[in-house]
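Working notes, beginning with the structure itself.
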Amino acid sequence: QVQLVESGGDLVQAGGSLKLSCVASVSASSIRLMGWYRQAPGKQRELVASMSRGGNTDYADFVKGRFTISRENAKNTVYLQMNSLKPEDTAVYYCYSYWYNNNYWGQGTQVTVSS
């Protein structure tokens, strides 16, 4: 099993920045895919960004050019740098990992962007 612990969520004004972190309980280098999803009230959970063990990235269109995902395997950590935040980015952000054919989720961290 993989435990994922997110941090970094906060209240920020529109145009501001936040950096989310997610620490995994296993070696990040063993995790095939890590990423971030988000879920706003009344909406479905949606992919924000993901990064493979090999470094390939995938971004949702609505964050391209604003968010950057990165991994630091030595710290078993995946990050999400969020710039130029908009009120519509308000959501609970969940860390995700795909490890040995199973999906794992963190508990979520709240990001609120005020206008």
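Side notes on the structure shown:
- Computed Kirkwood radius, in angstrom, where 1/r is averaged over Cα pairs of the range 18-82: 12.2
- Ellipsoid semi-axes in whole angstrom, largest first, where each is sqrt(5λ) of the Cα gyration tensor of the chain: 23, 14, 13
- Computed from point charges on the beta carbon alone (+1 for Lys and Arg, -1 for Asp and Glu), the dipole magnitude for the chain about its Cα centre is near 180 Debye.
- Contact order normalised by residue count of the chain, Cα under 8 Å, 6+ apart, percent: 37
- Ranking Met34, Thr68, Gly108 by how far each Cα lies toward the positive end of the dipole of the chain (charges on Cβ) leaves Met34 at the top.
- Computed FRET value (nearest 0.05) for Ala14 with Thr57, which takes r as the C-beta separation and R₀ as 25 Å: 0.50
- Of the residues Thr112, Thr77, the one with the largest accessible area comes first in the ranking Thr112, Thr77, computed with a 1.4 Å probe on protein heavy atoms.
- Computed over the range 67-115, the ratio Rg/Rh where both radii use C-alpha atoms and Rh is Kirkwood: 1.04
- Accessible carbon and sulfur surface of the chain relative to its total accessible area, %, 1.4 Å: 45
- Projected label points at Lys86 and Tyr100, each 7 Å from Cα along the beta carbon direction, are separated by 4.1 nanometres.
- Per residue, the accessible area of the chain comes to 52 Å², computed with a 1.4 Å probe over protein heavy atoms only.
- Annotation note: trypsin sites (Lys or Arg not before Pro) in the range 1-44 located in DSSP loop regions with a Cβ neighbour count of at most 12 within 10 Å are Arg32, Lys43.
The values are calculated or read from the model by the stated rules, or taken from the named source; none is laboratory data. These numbers come from a predicted model, not from an experiment. Virtual Cβ from ideal backbone geometry, glycine too; neighbours counted across all protein chains shown. All accessible areas refer to the heavy atoms of the entire protein, side chains included, with ligands and DNA or RNA removed. Shrake-Rupley method; radii C 1.70, N 1.55, O 1.52, S 1.80 Å.
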